[in-house]
Amino acid sequence: MQQQTEMEKESGLLNGKFIYKTRSDGSVDKTKVICIYCRCELSYHRSTSSLKYHLMAKHTTDTESPPPPRQRQTTMDQSLQRRSMDKSTTNRLTSTIAKWVATACRPVNVVEDEGLLEIIRIASNDSTYELPSRATITTKIHNLYEEEKAKVQEALRQTNTVALTGDYWTSLSNHSYLGVTAHYFDAHWKLQSHALTVMKTEERHYADVCAEHFLQVARQWNIELKIKIVTTDSARNMIAAARQLPFEHMPCIAHSLHRAITVSLQNSPFDGALAKCRKLVGHFKHSPANAAELEQQQVKHLQKKESLVQEVSTRWNSTLEMIKRVQRNQEPLRDALALHASNINMPTAAEFDKLKRLETVLEHCRYVSELLGGEKFVSCSVVLPALCHLSRVMEVSEDDPAYMIKFKETFTTDMDKRKEKTNTTWLRVASALDPRFKDLKCLSRADRAEVWSSVCALLRREGLAQPDKPVTTEPPKKISCLMSVPESSSDDDEEDCIEKCVERYKAEPSIGIEDCPLQWWSNHEGAHSEMAYLARIYLSTPATSVPCERLFSLSGHVVQKKRAALSSENVNRLVCLSNWLSAKKEK
């Protein structure tokens, strides 16, 4: 044993460059070693790494045969550096962030959010990633706007006809903006919609100023000669502006419909019941404690939890939704009110009966307004059949009580006045060009004859008469006398050709109300090219200005309180870009 200790003392570690420390009693302390060069005492725990480091740092020139170069351990930073994203991935991520900011209406300073930075670092496993600067994102958004704008311009260049909707909107910062959207069919008969501008305006909205604004937008997009019709609300300045424009004008049918409802409910027998509903809703909407009690009662009565809806005069169908929710929650409302002494009264049984009858007719109005407010399907041709349906709904029956008779008569009278101010000629031709409604059952026989005469006149004016084409469906043997044309036509051959074009189209079997008229035209455009040209003009017309309302709703997300200082140019870029990118997602 003593011999082994002596050997260890002599040999030491690392070829004798370190020897174990000897205690005062002569024993060897294997936890301590001494450098033979500098007599430095070091700790030893079965690893020579620290000893090698000492030699490399202190005695490189003293050792005759220095140990091999130290293998450095890869540090955490070096390891992460090897896993960092390459430049192309970082660029794609920056572009994606810019697109997300534009589409989701996020403020640009979201790139300074540490939470977003942490999320991306964890998802990418790259702790060295840094978010792009605000200037970079702003530049990306501007470039993306120009790219998407070029695509919209190219699409508009390829179409022959465009319909517009337009309206004015006031932002939180009390700035006025004009919103304009474009609507047209592409080569495959798909209805396309694009925002053209959200343009800041400084002048008062006089008729001539409004007209000049629309022309300015048309010139900017180079579609002035392609615009056939503009749809706006029925404000006096907009109607007067439309008279100064070289386009047809379509007053918003939805505005007219809901204005007629408002007029019919003013000073009506429903006032008492509706006033109770408004007060009842306000009691539960303005107090979190009351709302919680209502939820508890809904659970107790095995009903789903739902909040009440307050009526807002400018929010379409809000009266109907208020009535429906109050009626569905009669028992929970009574029990919730019974928990506390309150001056809030529930409608009586007779008043609930009134509300039920009112709900029935308002439900038809809601269906019509939603039917006419879409952007992805044909709406203009549906106006007359829909209004015809409403007329039947509003017919007075023997079972109607006096208050219901008064409401229906008031609604019918007011709606008839508003119908007279609409572009009835355009609506009739649109219905005739829709293969679902071309029988024109919503019109009298005399009016049907006038419509088809108008179609013939349009074909003559556009110079669309073509030589006879072979048809699969045999046209009627006798041309109806209703197809007579104005005496001003001097070319009998052309007149016969035009009538045959119309008769061939009328002879085609009608399609069901649930079928798609655009699919029908896509399949029959070759056989009815003349009529198809008119269909592209009339069926692409929006029946309402709802597309602009949606554009302003989107603008409200962009121009928030925290972003009220956005420049008008950035508002236009962000709103239009969000509209274009969202439309591409839906496809």
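Would you confirm whether any residue within the stretch 339-349 is without any contact (Cβ under 8 Å) to a residue 60 or more places away in the chain and surrounded by 13 or more Cβ atoms within 10 Å (Cβ to Cβ)?
Checked against the condition, which is being without any contact (Cβ under 8 Å) to a residue 60 or more places away in the chain and surrounded by 13 or more Cβ atoms within 10 Å (Cβ to Cβ), the stretch 339-349 yields no hits at all.
Just wondering, is there one or more residues in the stretch 170-185 that are modelled with pLDDT of 90 or more, more than 30 Å from E525 (Cα to Cα), part of a helix (DSSP H, G or I) and of a type outside the set (D, E, K, R)?
no
Could you list, in sequence order, the residues of the stretch 436-445 that are modelled with pLDDT of 90 or more and either in contact with an Asp or Glu (Cβ under 9 Å, 6 or more places away or on another chain) or assigned to a helix (DSSP H, G or I) (or both)?
R436, K438, L440, L443
Go through the stretch 212-237 residue by residue and tally those that are part of a helix (DSSP H, G or I) and within 25 Å of the chain's Cα centre (by Cα). First the steps, then the outcome.
Going through the stretch 212-237, the residues part of a helix (DSSP H, G or I) turn out to be 212-220, 236-237.
So of that shortlist, the ones also within 25 Å of the chain's Cα centre (by Cα) come out as 213-214, 217-218, 220.
Qualifying residue count for the region: 5.
Which one of the conditions (1) among the charged types (D, E, K, R); (2) assigned to a helix (DSSP H, G or I); (3) over 27 Å from the mean Cα position of the chain (by Cα) does R204 fail to meet, given that it meets all the rest?
Condition not satisfied by R204: (2).
Condition check ((1) touching a strand residue (DSSP E or B) at 6+ places or on another chain (Cβ under 8 Å); (2) modelled with pLDDT of 60 or more) across all residues:
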position	(1), (2)
T48	yes, yes
L51	yes, yes
T60	no, yes
T63	no, no
Q71	no, no
T74	no, no
M85	no, yes
T90	no, yes
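Return a yes/no flag: does the stretch 246-265 have any residue that is hydrophobic (A, V, I, L, M, F, W, C), in the same structural domain as Y168 (by TED's automatic domain parsing), farther than 30 Å from L320 by Cβ and crowded, with 21+ Cβ neighbours inside 10 Å.
no
Condition check ((1) over 28 Å from N222 (Cα atoms); (2) surrounded by 20 or more Cβ atoms within 10 Å (Cβ to Cβ)) across all residues:
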{"position": "S95", "(1), (2)": "yes, no"}
{"position": "K140", "(1), (2)": "no, yes"}
{"position": "E147", "(1), (2)": "no, no"}
{"position": "V162", "(1), (2)": "no, yes"}
{"position": "L196", "(1), (2)": "no, yes"}
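From (1) in contact with a Gly (Cβ under 7 Å, 6 or more places away or on another chain); (2) closer than 15 Å to K376 by Cβ, pick out the condition that doesn't hold for F552.
Against the list (1) in contact with a Gly (Cβ under 7 Å, 6 or more places away or on another chain); (2) closer than 15 Å to K376 by Cβ, F552 comes up short only on (2).
Quick check on my filter: what residues within the stretch 404-450 are farther than 30 Å from N267 by Cα, within 36 Å of the chain's Cα centre (by Cα) and surrounded by fewer than 18 Cβ atoms within 10 Å (Cβ to Cβ)?
Taking the stretch 404-450 and keeping what is farther than 30 Å from N267 by Cα, we get 423-450.
Subsequent filtering for residues that are within 36 Å of the chain's Cα centre (by Cα) retains 423-443.
Listed by number, the residues that qualify are T424, T425, D439, K441.
Select from the stretch 239-255 the residues that are more than 18 Å from K417 (Cα to Cα) and not small (G, A, S) and list them in ascending order.
R243, Q244, L245, P246, F247, E248
For (1) assigned to a helix (DSSP H, G or I); (2) more than 30 Å from S193 (Cα to Cα), each residue gets a yes or a no:
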| position | (1), (2) |
| --- | --- |
| L302 | no, yes |
| Q310 | no, yes |
| I323 | yes, yes |
| N345 | no, yes |
| A350 | yes, yes |
| D353 | yes, yes |
| K356 | yes, yes |
| S369 | yes, no |
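Taking the stretch 371-400, which residues are part of a loop (DSSP other than H, G, I, E, B) and either under 14 Å from C252 (Cα atoms) or among the acidic types (D, E) (or both)?
Our first condition is that a residue be part of a loop (DSSP other than H, G, I, E, B); within the stretch 371-400, this holds for 373-379, 394-400.
Of everything in the stretch 371-400, those that are part of a loop (DSSP other than H, G, I, E, B) and either under 14 Å from C252 (Cα atoms) or among the acidic types (D, E) (or both) turn out to be G373, G374, E375, S379, E395, E398, D399, D400.
Scan the stretch 238-252 for residues that are within 24 Å of the chain's Cα centre (by Cα) and of a type in the set (A, V, I, L, M) and jot them down. Quick ask: steps written out before the conclusion?
Kept after step one, since they are within 24 Å of the chain's Cα centre (by Cα), are these residues of the stretch 238-252: 250-252.
Within the stretch 238-252, M250 is the sole residue that qualifies.
The values are calculated or read from the model by the stated rules, or taken from the named source; none is laboratory data. Quick caveat: nothing in here was measured; it's all calculated off a predicted structure. Don't worry about glycine lacking a Cβ; one is built from the backbone with ideal geometry, like all the others, and counts go over all protein chains shown.
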